[in-house]
1. Do we have any residue at all in the range A:343-365 that's touching a His at 6+ places or on another chain (Cβ under 9 Å), in a helix (DSSP H, G or I), in contact (Cβ under 8 Å) with a residue 12 or more places away in the chain and under 30 Å from A:HIS36 (Cβ atoms)?
2. For the subset of the range A:265-288 comprising residues that are assigned to a helix (DSSP H, G or I) and farther than 30 Å from A:ASP359 by Cβ, which member is nearest to RNA strand B (Cβ to nearest atom)?
3. Select from the range A:194-233 the residues that are open to solvent by less than 30 Å² (accessible area, probe 1.4 Å), away from RNA strand B (no atom under 15 Å from the Cβ) and within 23 Å of A:LEU43 (Cα to Cα) and list them in ascending order.
4. For the range A:23-55, give me the residue count where each residue is touching a residue at least 60 places away in the same chain (Cβ under 8 Å), of a type outside the set (S, T, N, Q) and part of a loop (DSSP other than H, G, I, E, B).
5. When you go through (1) at negative phi; (2) within 7 Å of RNA strand B (Cβ to nearest atom) one by one for A:GLU262, which number turns out not to apply?
6. Only one of these conditions is not met by A:ILE69: (1) more than 16 Å from RNA strand B (Cβ to nearest atom); (2) aliphatic (A, V, I, L, M); (3) assigned to a loop (DSSP other than H, G, I, E, B). Which number is it?
7. For A:GLY313, are the conditions met, namely being at positive phi and over 15 Å from the mean Cα position of the chain (by Cα)?
8. Within the set of pairs 6 or more residues apart or between chains, which connect a residue that is within 9 Å of A:GLU206 (Cβ to Cβ) and assigned by TED's automatic domain parsing to the domain that holds A:SER23 inside the range A:60-72 to a residue that is of a type in the set (D, E, K, R) and buried (at least 22 other Cβ atoms within 10 Å of the Cβ) with Cβ atoms less than 6 Å apart?
Amino acid sequence: MELYNTLTRRKETFSPREPGKVSMYVCGPTTYNYIHLGNARPLIFFDTVRRYFAYRGYLVDYVQNFTDIDDKIINRAGEEGEDPLALAQKYINEYFRDAGALNVRRADTHPRVSGHMPEIIEMIDTLIKNGNAYVVEGDVYFEVRSFSAYGRLSGRSLDDLRAGARVEVDSRKRDPLDFALWKAAKPGEPSWESSWGPGRPGWHIECSAMSLKYLGEGFDIHGGGFDLIFPHHENEIAQSEAATGKPFARYWLHNGFITVNEEKMSKSLGNFFLVRDILARFPPETVRFYLLSTHYRSPLDFDDQKLESAGRGLERVKTSIRLLAEALARPEDGRASVECKDLPPVLDELRDSFEKAMDDDFNTALAIAVLFDLAREVNTCVQRLGVAPAPADREVLLKAEVLFKAFNEVLGIFKVDRNGKMSLDGMPSPGLDLADGLLELIIGLRQEARSRKDWAVADRIREGLKGLGIIIEDTPQGVRWKKQG
RNA sequence: GGCGACAUAGCCAAGUGGUAAGGCAGAGGACUGCAAAUCCUCCAUUCCCCGGUUCAAAUCCGGGUGUCGCCUCCA
């Protein structure tokens, strides 16, 4: 596998710290609001990375933090008259709801800042002892000059950074770029005791302390959005390596931004879309599919038309999976003629192509193209079968179904139930409830009308059901219905 | 001002030296009572512009134009 490492600015062959195992840490959200689409991109992308490593047979240890102590949380809690930690907890719960809807699996560990004060304080202590940090009036700052590799990740020298610094210079800092490891408590703020006084951690130290605690020195992959490269990840490297004297993380992966009208979407610009608002208008699988249809390092523009277009494309994939399931559900006929005997080698090629795409820096856009190729091959086969498959064809179809499931296991577009069945949401379920029963009854009546060539009644029923969101399709293999996508 | 990324059909989007994937939209055909779905065919002599390297460039180099991002909390 090749992956693009921000640290070296080129693709590198992935080789894990320990054979067969992958350790990854991804910066999670600051929980003071519901997550927006921009937050969803790294979630979905790194979830896909994790799934692909698992598909490739690696044992993955995935850690994603929550920043539950921070200025924004404290401010928000102040506005709402709520306890900051309770507010953070609320949005952590909501986070899981949104992420779950997008079929993002939980990380193996979701550490929080508030639960790791001893580790954070100990790390700061080490940095002070090592001469990399200094205390000023209860604040503790990291001294960037003390770390010679500072700027390596973002590709900038300290001089470049100073020249462009827009930060107000704090005269207590030895260098304008020195950053806070510990902030002295202000009245009314949540705080923790430390040997340099009560306070709370700065933003960057948490990720160093928690990633090192759970994954150890030199873990494999550290990920996040492009905007975290500087200063957040730069600072993480400085702190961690200054404290441990060992390399911090081995591969740095950063996803590109989501833009709206070609402009970066962010909470500070106020042009963001909450995941839950989008999910009220589009199916979650469409959202996930859309986000994966562009390479993760490219910017991705969001608007309704683009999502609708993606949804129509995804509909073809769903249709294909449905056609396949229906063909398999039909009774075999005993005929010996085999219609799809050319398909198996094609399926093998498709699997190769899919893996090749994912091996090349997680090229999900190409992988999705392979998904479409699979759909077309399956449709062609199913169409040739006519009403019932021969036993040999049945085996071929089963193999194709396995491939659909394998692709979906990686891309995570469709949710999968306990029996391993993909949920396409419009698919008629085997268990009939009243509505389904009535629907079957009406469709049966329409079929009788059709057999009498009573087209007026048949069309009226079809139009009427369409108005209720049920699409009727008359196919050579019989009637099919689905809920409107 | 400093650093960096990107520019491929009406739209979205792969493709880093060997002669333009895939999707949406569109056109024609097969199938169909019709519609839908599905399948087949067509749809970029050309990859922002100008130079250069090469037998060969969307892909490499130089210059230009444009868009975006980072340098401040931000996924």
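The values are calculated or read from the model by the stated rules, or taken from the named source; none is laboratory data. Only a predicted model underlies this, so the values are computations on that prediction, with no experimental measurement involved. Cβ sites come from the backbone with ideal geometry, for glycine too, and all protein chains shown count toward neighbours. Surface accessibility is based on the protein's heavy atoms, side chains included, excluding ligands, DNA and RNA. Shrake-Rupley method; radii C 1.70, N 1.55, O 1.52, S 1.80 Å.
1. The initial filter retains those residues of the range A:343-365 that are touching a His at 6+ places or on another chain (Cβ under 9 Å), namely A:361-365.
Checking the rest, the ones that are also in a helix (DSSP H, G or I) come to A:364-365.
Filter once more, keeping what is in contact (Cβ under 8 Å) with a residue 12 or more places away in the chain: A:364-365.
From what is left, the residues that are under 30 Å from A:HIS36 (Cβ atoms) are A:364-365.
Within the range A:343-365, one or more residues are touching a His at 6+ places or on another chain (Cβ under 9 Å), in a helix (DSSP H, G or I), in contact (Cβ under 8 Å) with a residue 12 or more places away in the chain and under 30 Å from A:HIS36 (Cβ atoms).
2. First, pick out the residues of the range A:265-288 that are assigned to a helix (DSSP H, G or I): A:275-279, A:284-288.
Filter again for farther than 30 Å from A:ASP359 by Cβ, leaving A:276-279.
On the way: A:ARG276: 16, A:ASP277: 15, A:ILE278: 14, A:LEU279: 17 Å.
Here the residue is A:ILE278.
3. Once the filter is applied, which keeps residues that are open to solvent by less than 30 Å² (accessible area, probe 1.4 Å), away from RNA strand B (no atom under 15 Å from the Cβ) and within 23 Å of A:LEU43 (Cα to Cα), the range A:194-233 yields A:ALA209, A:LEU215, A:GLY216, A:GLY218, A:PHE219, A:ASP220.
4. Qualifying residue count for the region: 5.
5. Going through (1) at negative phi; (2) within 7 Å of RNA strand B (Cβ to nearest atom) one by one, A:GLU262 breaks only (1).
6. (1)
7. On the way: at positive phi: no; over 15 Å from the mean Cα position of the chain (by Cα): yes.
So A:GLY313 does not fit the description; no.
8. Between residues of the range A:60-72 that are within 9 Å of A:GLU206 (Cβ to Cβ) and assigned by TED's automatic domain parsing to the domain that holds A:SER23 and residues that are of a type in the set (D, E, K, R) and buried (at least 22 other Cβ atoms within 10 Å of the Cβ), the close pairs are A:ILE69/A:ARG200.
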